[in-house]
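Below is one structure; the comments refer to it alone.
The values are calculated or read from the model by the stated rules, or taken from the named source; none is laboratory data. This one's a predicted model, so the numbers in the text were calculated from it and none came from an experiment. All Cβ positions, even for glycine, are placed from backbone atoms using ideal geometry, and neighbour counts span all protein chains on display. The accessibility values were calculated without ligands, DNA or RNA, using every heavy atom of the protein model including side chains. Shrake-Rupley method; radii C 1.70, N 1.55, O 1.52, S 1.80 Å.
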Amino acid sequence: MSDRSPRNRAPQRRPDRVRGVAYRVIRQVTGEGGYANLALNKALRESRLSGRDAAFCTELVHGTLRWQGTYDAFLARSVSRPLADLDPELLDLLRLGTHQLLRMRVDSYAAVNEMVTLTRAEIGQKRSGLVNAVLRKISQRTFDQWITTVAPPADKDLYGHLAIAKAHPRWVIEAFARALDSGLEELLDADNEPPRVTLVARPGLADVDELIAAGATAAKWSPYAAVLQGGGDPGRIEAVATGRAGVQDEGSQLVAIALATAPVDGSDSEWLDLCAGPGGKSALLAALVDQRDGKLTAVEPLKHRADLVRANLRAIPGDHKVLVGDGTKPTWPAGSFDRVLADVPCTGLGALRRRPEARWRRTPEDVKELRPLQEDLLDSAITSVRPGGVVAYVTCSPHPDETRAVVDAVLAERDDATIEDARPLFPGVPDLGDGPDVQLWPHLHGTDAMYLALIRRS
């Protein structure tokens, strides 16, 4: 019998299971429009990865997606044809291999071999040779050497250099530079750091001491926040599992607390969350208003997101309501509420740490398309609050065209509302700028880049 007989061939190696899970999550995100955090959490549960394997898989997914644009610039110099001509599946495999070679402590030989094996299993033997050749070419330089090779010099084109070196699209960097007086590179670096898991102890139901006893540590600014050290599954904490606590960025907590603590004269029992889904801020506001014998009305246009709001409110005592509806077309009389939160849909550029794919998915056109909705929602929020009541206009984006520009445009058309200094509502928090609005930053506050303008109906 010939030595080439299938019976005498060495059995092919099986692909590494963790890399296989990571690759399939990346494909869901880049190919199907999925969200990295949701797809990854589901994959980790279904594959039963835990401990070091789960941490390795998380870094493979988040790191590859976070540095995607930078890796594409390197790969464009290493592949003989335009990247647009490559099958998307093949390009994602090359990105995943590049991340291991340049940003992780993985032996180069092992990284290339494992990716060749994974390529063979996922898209066939024919293209494994290309993966082998390209990744070997990538491994011949360090990350910094690739930056020097590919990126324009910083002294000639700073934003072009930072776009490659710090993995942010140029238009995003330009928007951040408009919003910042200094610290642009520090912000970009902070965006590339894995986010902490921050918990919120919902007032009247849990406290920070309980979360600390469960392994968290007190956070810096919010009196209800604690950080789960070393990551891990928050659902293992009893307070989180029962809804008495939740997962919520500290910046998100701070803007909700600011709305709840702004002074108002007279009644203070009817609060409105105009754009509620998925309900993290709703739950904190509901717990706070319940302590004043009041109730929260939460509005969300999408039914499945309204269901998430209901789930978040389930453990909160009180007669709170969740309405499926359009916040720009109120079904309640004008002036019905004492406090209104307008946490409007935005590009999410303030949460790039926890949504690594968003930087490559969003475009400048998204900012323009969202602007009319943001203005309509703020206008509706002001109409919905009573004279003397307050509105918090909130975005998880520091883009100037989504923040102060929206507030200025709406207030220019109204003579019954004014912006107030919100900085006193963030006691102990430094670097809040010149006011009257507040912009939080990842590199200054360790939070998402949340924006808040406090508006009072006159």
Projected onto the charge dipole of the range 213-367 (unit charges on the beta-carbon of Lys, Arg, Asp and Glu, signs +1, +1, -1, -1), the Cα from THR347, HIS320, LEU285 with the largest positive-side position is that of THR347
Per residue accessible area of the chain, 1.4 Å probe, in Å²: 45
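Counting only helical runs of four or more DSSP H residues, what would the 222 nm mean residue ellipticity of the chain come to if each run contributes -39,500 (n - 2.57) and the total is spread over all its residues?
Numbers: 20 runs with 211 residues, N = 458.
Roughly -14000 deg cm²/dmol at 222 nm, from the helical runs in the chain.
With the full set of protein chains in place, find how many percent of the accessible area of the chain is carbon and sulfur; take the probe as 1.4 Å.
In the chain, the share of accessible area belonging to carbon and sulfur is 49 percent.
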Could you tell me the relative contact order of the range 267-336? Use alpha-carbon pairs under 8 Å, at least six residues apart, and round to a whole percent. 35
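Pull out a ≥ b ≥ c, the square roots of the eigenvalues of the alpha-carbon gyration tensor of the range 1-127, then state rounded if a/c is under 1.5, prolate if not and a/b is larger than b/c, and oblate in the remaining case.
Details: a/c = 1.80, a/b = 1.27, b/c = 1.41.
Judged from the Cα gyration tensor, the range 1-127 comes out oblate (a/c at least 1.5, b/c at or above a/b).
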Point-charge dipole on Cβ atoms (K/R +1, D/E -1) for the range 21-175, about Cα centre, debye to 20: 240
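Counting pairs of alpha carbon atoms under 8 Å apart in space and at least six apart in sequence, what relative contact order in percent does the range 355-458 give? Let's see the in-between values first.
Working: 144 pairs, mean separation 34.6, N = 104.
Contact order relative to length: 33 percent.
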Relative contact order of the chain, defined on C-alpha pairs under 8 angstrom at six or more residues apart (%): 12
Please list, in order along the range 189-196, the HN-Hα scalar couplings obtained from phi with the Karplus expression 6.51 cos²θ - 1.76 cosθ + 1.60 (θ = phi - 60°), rounded to whole Hz, x for Gly and Pro. 5, 5, 4, 8, 8, x, x, 7
Expressed to one decimal in nm², the mean projection of the alpha carbon convex hull of the chain is 24.5
The answer for the net charge of residues other than GLY446 whose Cβ lies under 9 angstrom from its Cβ, with Lys and Arg +1 and Asp and Glu -1, is +1
